[in-house]
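The values are calculated or read from the model by the stated rules, or taken from the named source; none is laboratory data. On a predicted model such as this, the values are computed, not experimentally measured, just so you know. A quick note on method: Cβ atoms are made from the backbone with ideal geometry, for glycine too, and the neighbour counts reach across all protein chains shown.
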Amino acid sequence: MWKRATGLCLVCVLWSVTPTSAQKAEVYGLFAWTISDGVESDQSVLAGDGNIYDGVGTKDSASWGLGGGFHVNDRVEVGFLFMQQMTTLEITGTNTLEVGDLSVNTYHPYVAFNFGDIDARARPYVLIGLGATNFGSVDFTALGAARQTQSQTQFSTTWGAGIKMYLSPNVGIRAGLQWTPTYIKTDSEGWWCDPYWGCYVVGDPQYSNQLHFAGGVTARF
């Protein structure tokens, strides 16, 4: 699904820069503090340290990003945003155990709506993106042996809001909040029976969430 969404957004970008358009392009860099969480398992494990572990997650940490977009018109912008969080993989339960360093990368084509005139000094914005999150491999040691978790890529969306403030016609700063939920798995919650549709299994989807408090520099041309 996210591959189709990526293709659709790229088509929009290519359309927006045809010779008949007179839109502005914008590129920006971001630095952020990210609050992140993980998911719980439907099974608990009693480890050798005497603790019970039933979840996996990531620590809150710093992150950075790069993005760019084209203005289809004075309000609508289409673009692409990459974010990377440098964090630590954790196992949680009655104790929290750090496993190893982890890189979480997100890739999102997006559509943004900018408020105010295109040449205004300050422009609030909202955005939504469809794409993917990649959880990198993690090196760790267990029972005296070196091991490594597998890298995984999952479908994700991103939702953001903030403000861009231009110090000159071409350079400015931006600050905002961005939420990225990533689908991980669906747990069975039991059966639901309906006289018309019959009986079926009800699922409880679980997401890993990243909440970015971001700021950075933006340039338009």
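Okay, here's what the table says:
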{"item": "Top-ranked residue of segment 79-92 - restricted to ones that are of a type in the set (A, V, I, L, M, F, W, C) and under 17 Å from the mean Cα position of the chain (by Cα), ranked as nearest to Asn51 (Cα to Cα)", "result": "Leu89"}
{"item": "Qualifying positions in segment 103-122 - closer than 20 Å to Leu66 by Cβ and not aromatic (Phe, Trp, Tyr)", "result": "Ser103, Val104, Asn105, Thr106, His108, Pro109, Val111, Ala112, Asn114"}
{"item": "Test set (1) modelled with pLDDT under 95; (2) among the aromatic types (Phe, Trp, Tyr); (3) touching a helix residue (DSSP H, G or I) at 6+ places or on another chain (Cβ under 6 Å) - Phe155 fails condition number", "result": "(1)"}
{"item": "Lone qualifier among Asp204, Asp187 - being touching a Gly at 6+ places or on another chain (Cβ under 8 Å), modelled with pLDDT under 95 and not in a loop (DSSP other than H, G, I, E, B)", "result": "Asp187"}
{"item": "Among (1) of a type in the set (Val, Ile, Thr); (2) over 20 Å from Gln154 (Cβ atoms); (3) touching a Gly at 6+ places or on another chain (Cβ under 6 Å), the one test that Thr92 misses", "result": "(2)"}
{"item": "Failed criterion for Leu143 (all others in (1) among the hydrophobic types (A, V, I, L, M, F, W, C); (2) buried (at least 16 other Cβ atoms within 10 Å of the Cβ); (3) closer than 30 Å to Ser44 by Cβ; (4) at pLDDT below 95 hold)", "result": "(2)"}
{"item": "Condition met for Thr106 (among the hydroxyl-bearing types (Ser, Thr, Tyr), modelled with pLDDT of 95 or more and closer than 21 Å to Ser156 by Cβ)", "result": "yes"}
{"item": "Residue check, Leu177 at pLDDT 95 or above and not small (Gly, Ala, Ser)", "result": "yes"}
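A quick yes/no check of all residues on (1) among the small types (Gly, Ala, Ser); (2) modelled with pLDDT under 95; (3) exposed (fewer than 14 other Cβ atoms within 10 Å of the Cβ); (4) under 15 Å from the mean Cα position of the chain (by Cα):
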| residue | (1), (2), (3), (4) |
| --- | --- |
| Thr149 | no, yes, no, no |
| Asn170 | no, yes, yes, no |
| Trp191 | no, yes, yes, no |
| Pro195 | no, yes, yes, no |
| Leu211 | no, no, no, yes |
| Thr218 | no, no, no, no |
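Each row is one residue, and each column tells you yes or no for (1) of a type in the set (Ser, Thr, Tyr); (2) in contact with a Phe, Trp or Tyr (Cβ under 9 Å, 6 or more places away or on another chain); (3) touching a residue at least 40 places away in the same chain (Cβ under 8 Å).
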residue: Asn95; (1), (2), (3): no, yes, yes
residue: Val111; (1), (2), (3): no, no, yes
residue: Phe115; (1), (2), (3): no, yes, yes
residue: Gly129; (1), (2), (3): no, yes, yes
residue: Ala142; (1), (2), (3): no, no, no
residue: Gln148; (1), (2), (3): no, yes, no
residue: Gln152; (1), (2), (3): no, yes, no
residue: Thr158; (1), (2), (3): yes, yes, yes
